[in-house]
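Worksheet: the structure to be examined is printed underneath.
The values are calculated or read from the model by the stated rules, or taken from the named source; none is laboratory data. As the structure is a prediction and not an experimental result, all values here were calculated from the model. Ideal geometry is used to build each Cβ from the backbone, glycine not excepted, and the neighbour counts take in all protein chains shown.
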Amino acid sequence: MAGVLLPTLYVFASFLLVIASLTGIGLGVRHLFVGDAPDWDACALAFWHGFGLVILFLLLWNFLFPVNGVAMLVVLVAGVAGIAAVAPALRGMADTARFPHPLGWVPAMLAGLWLANLATGPFTSWDGGLYHLQAVLWASHYPVIPGIANLHGPLAFNNSSFLYAALLDSGPWQGRAFHLANGALVFAFLWQVIVAGSRIARGRGDSRDVYLIVLLVPLVNLAMDGRLADFNTDLPATLVVLVAGAVLYGQLSVPAGAAAERDFRLVGTTILLATIVCLKTSVGSFSVFAFPVACYAWWQDRRTHPAGPHSVLVWTAGLVLIFAVAWTARGVVMSGYPLFPLSLSGFPVDWKAPAEHAAAEVANIVYTELEFSWHIGRNWLRQLILTKPSTVFMPSCLAVLAGTVLLLAGRRPGLAPALRRDPAAWLLLVPVLAAILIWFLVAPSLRYAMPLFWTLAALLTSRVYLLFEERLAGRGRWLVGAALLAGLLPLANGLFRAAHQEGTGLVDALLEHAVSRPGPDAGFHPVTQVPAIKPFVTASGLVLNTPDPATPGLTQVKCWDLPLPCTPNPAANLALRVPGQLAHGFRVDGAWAMQDWPYYWRGSFLENWRQRRN
């Protein structure tokens, strides 16, 4: 029992520390703009503002320094300073109408303990072994490395969540940060959703709370999908898209009470939307279309309550610029291109990856996703409906049902006025539908679609709630019960599938997949694959660590967490820009010549691609 309880409590306490630190940063920035006492909703949102600002800080920090314990100390100090700045105002927060009921904390803490337990599990991610662990190692040991794409292409894909992971990979969490990074994010949002549910159950909720409670299903799916104990890049981006959608809905449906609050709404939303792009460009289209909607909400609110200076526009433009410059400059340093693997706007630097390399990385990504999930056909539909129903199928059904109710309500005179409430909220459809269209046309992989379809479902469901708000005022518990049942569907689907595939009972499947058992690392589960090192010496004398395919028991020949520099695709013409100095980066002498690319078991792919290309 202690083997399960102690690591779970250790992770849970660390979750709270991370949440408190990032919330403190967000509250401190809010205090600079607003100055008044924050309510619970402001505190919950401050966590995500703090997360985005930490991403920006780490982007800038890593140009000069590794992301290590010093950076963590800076973040902790900033978090404490932010909390201290608003501490006097926080004392009266419990008296506000939307403050969570004390009983609402109980399910939130139980959910946090469950997430903490799942987060102690083994690291089994496919892409994690390929490059996630290595990306975190590089960030935690060195400033951003020029030309690291020449060592291993995926290391230059510029996913900023690795910097956040490297931040946590220090002190007592060194080598174990994958137990903490994603779980803390899920817990922070799940906490918000549970609080929203408790308000609805007590009859104090509104359409914003209904919007949040709908998102319980994707959160449970994220928790059960095996991504809490790794550095998966989809999960942070999915969460921030869901949060940004909820924030934008609130902006469009509930006017700000004061000029300072209105202005900070725009600044805060800009932070979230910019963070999405830095985390995952595959969902960045949502930010592109959502930003004009956020600006419109600010402008419309200003017309209704004209007050305050226009300086917020300077802050907003400045934030967009600094995020864009920091993130794209990082891409240029790592590969020579601002949007690698896209070979657009390459810079004339000596570390620039060969154009053929960039084009081949794009081709491999497209081929891989087409092979498994992009091809619109029987396999894609099977995944959509049976294997991963909670990503697209469930929110689509909910959206169709809610949309039908809204269309029928428009024909009833008694309900028509409710449809006209907060008409600006419908503008959230613009970024959602535009992003869904781009997703379908460019990359219909189900893992990119979840936040978009659930944002659509949450919007339409919250508008249906407005039609029957008075009738449902005393039936909040029924709404919460329905949400809980829906939230259990991903769990039930996963357990039934596991029981069928493994030939076990549901109880065994529950214990295997919904609970993490003690691991050999003081109760934790370490990285499961540890390949032997096969040294590779380049023509310049650079010694590379490559994973040895002959390692007994090895099933995935990747670098995992082998010592730096490691690559599964060594090239004889790879050289250090400055001999003996890894920190100065890598260059290629001549044409692109990586071996075993993209994987040693797919050696014919490159030849076939070159033939088709020519």
*Failed item, numbered, when Thr555 is tested on (1) closer than 30 Å to Leu115 by Cα; (2) not in a loop (DSSP other than H, G, I, E, B)*: (2)
*How about the stretch 383-393: which of its residues are modelled with pLDDT under 75 and surrounded by fewer than 17 Cβ atoms within 10 Å (Cβ to Cβ)?*
Leu386, Thr387
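Do the conditions hold for Val557, that is, is it surrounded by 12 or more Cβ atoms within 10 Å (Cβ to Cβ), touching a helix residue (DSSP H, G or I) at 6+ places or on another chain (Cβ under 8 Å), of a type in the set (Val, Ile, Thr) and modelled with pLDDT of 95 or more?
Working: surrounded by 12 or more Cβ atoms within 10 Å (Cβ to Cβ): yes; touching a helix residue (DSSP H, G or I) at 6+ places or on another chain (Cβ under 8 Å): yes; of a type in the set (Val, Ile, Thr): yes; modelled with pLDDT of 95 or more: no.
Here the answer is no, as Val557 does not meet what is asked.
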*Odd one out for Pro143, checked against (1) outside any helix (DSSP H, G or I); (2) without any contact (Cβ under 8 Å) to a residue 60 or more places away in the chain*: (2)
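Go over the candidates Ala358, Ala402 one by one and state the one that is at pLDDT 75 or above, of a type in the set (Gly, Ala, Ser) and over 29 Å from Leu212 (Cα atoms). Please lay out each step first, then the result.
Details: Ala402 fails: over 29 Å from Leu212 (Cα atoms).
Criteria check complete, one pass: Ala358.
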*Could you say which residue among Leu60, Leu103, Leu64 is modelled with pLDDT under 85 and either assigned to a helix (DSSP H, G or I) or surrounded by fewer than 21 Cβ atoms within 10 Å (Cβ to Cβ) (or both)?*
Leu103
*Being touching a residue at least 40 places away in the same chain (Cβ under 8 Å), over 24 Å from Ala274 (Cα atoms) and not in a helix (DSSP H, G or I) is the filter here, so list the residues in the stretch 170-200 that pass it.*
Ser170, Gly175, Arg176
*asked:* Take Gly257 and tell me if it is at pLDDT below 90, in a loop (DSSP other than H, G, I, E, B) and touching a helix residue (DSSP H, G or I) at 6+ places or on another chain (Cβ under 7 Å).
replied: no
*Does any residue of the stretch 207-219 turn out to be in the same structural domain as Pro395 (by TED's automatic domain parsing) and outside any helix (DSSP H, G or I)?*
yes
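Out of contact with any Lys or Arg (no Cβ under 8 Å at 6 or more places or on another chain) and either not in a helix (DSSP H, G or I) or not assigned by TED's automatic domain parsing to the domain that holds Leu222 (or both), is that true of Gly121? Walk me through how you get there before you give the answer.
Details: out of contact with any Lys or Arg (no Cβ under 8 Å at 6 or more places or on another chain): yes; either not in a helix (DSSP H, G or I) or not assigned by TED's automatic domain parsing to the domain that holds Leu222 (or both): yes.
Spelling it out, Gly121 is indeed out of contact with any Lys or Arg (no Cβ under 8 Å at 6 or more places or on another chain) and either not in a helix (DSSP H, G or I) or not assigned by TED's automatic domain parsing to the domain that holds Leu222 (or both).
From Ala81, Ala71, which residue is over 20 Å from the mean Cα position of the chain (by Cα) and surrounded by fewer than 19 Cβ atoms within 10 Å (Cβ to Cβ)? Can you show your working first?
Working: Ala71 fails: surrounded by fewer than 19 Cβ atoms within 10 Å (Cβ to Cβ).
Exactly one residue qualifies, and that residue is Ala81.
Can you pull out the residues in the stretch 570-600 that are assigned to a loop (DSSP other than H, G, I, E, B) and surrounded by 22 or more Cβ atoms within 10 Å (Cβ to Cβ)?
Just the residues of the stretch 570-600 that are assigned to a loop (DSSP other than H, G, I, E, B), to begin with: 570, 572-573, 577-581, 585, 589-593, 595-599.
If the condition is that a residue be assigned to a loop (DSSP other than H, G, I, E, B) and surrounded by 22 or more Cβ atoms within 10 Å (Cβ to Cβ), then Pro570, Gly585, Trp597, Pro598 are the ones that fit.
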*asked:* Please pick out the residue among Gly331, Gly318 that is in a helix (DSSP H, G or I) and in contact (Cβ under 8 Å) with a residue 40 or more places away in the chain.
replied: Gly331
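Just checking, which of Leu456, Leu446, Leu460, Leu433 is in the same structural domain as Ser282 (by TED's automatic domain parsing), at pLDDT 80 or above, loosely packed, with under 14 Cβ neighbours inside 10 Å and of a type outside the set (Asp, Glu)?
Answer to the check: Leu433.
Looking at the stretch 14-31, can you tell me whether even one residue there is touching a Lys or Arg at 6+ places or on another chain (Cβ under 9 Å) and either surrounded by 15 or more Cβ atoms within 10 Å (Cβ to Cβ) or aliphatic (A, V, I, L, M) (or both)? Outline the logic, then answer.
Kept after step one, since they are touching a Lys or Arg at 6+ places or on another chain (Cβ under 9 Å), are these residues of the stretch 14-31: none.
Checked against the condition, which is being touching a Lys or Arg at 6+ places or on another chain (Cβ under 9 Å) and either surrounded by 15 or more Cβ atoms within 10 Å (Cβ to Cβ) or aliphatic (A, V, I, L, M) (or both), the stretch 14-31 yields no hits at all.
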*Is there any pair with a first residue in the stretch 224-246 that is part of a loop (DSSP other than H, G, I, E, B) and a second that is of a type in the set (Asp, Glu) whose Cβ atoms are under 8 Å apart and which are 6 or more apart or on different chains, and what are they?*
Arg227/Asp234; Asn232/Asp127; Thr233/Asp127
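Take the residues in the stretch 528-552 that are in a strand (DSSP E or B) and within 26 Å of Val332 (Cα to Cα), then tell me which one is farthest from the chain's Cα centre (by Cα).
First, pick out the residues of the stretch 528-552 that are in a strand (DSSP E or B): 533-537, 543-547.
Checking which are within 26 Å of Val332 (Cα to Cα) leaves us with 543-546.
Details: Val543: 35, Leu544: 32, Asn545: 30, Thr546: 30 Å.
The residue in question is Val543.
Tell me the residue from Thr328, Thr304 that is among the β-branched types (Val, Ile, Thr) and within 27 Å of Thr238 (Cβ to Cβ), please. I'd like the intermediate steps shown before the answer.
Values: Thr304 fails: within 27 Å of Thr238 (Cβ to Cβ).
The unique qualifying residue is Thr328.
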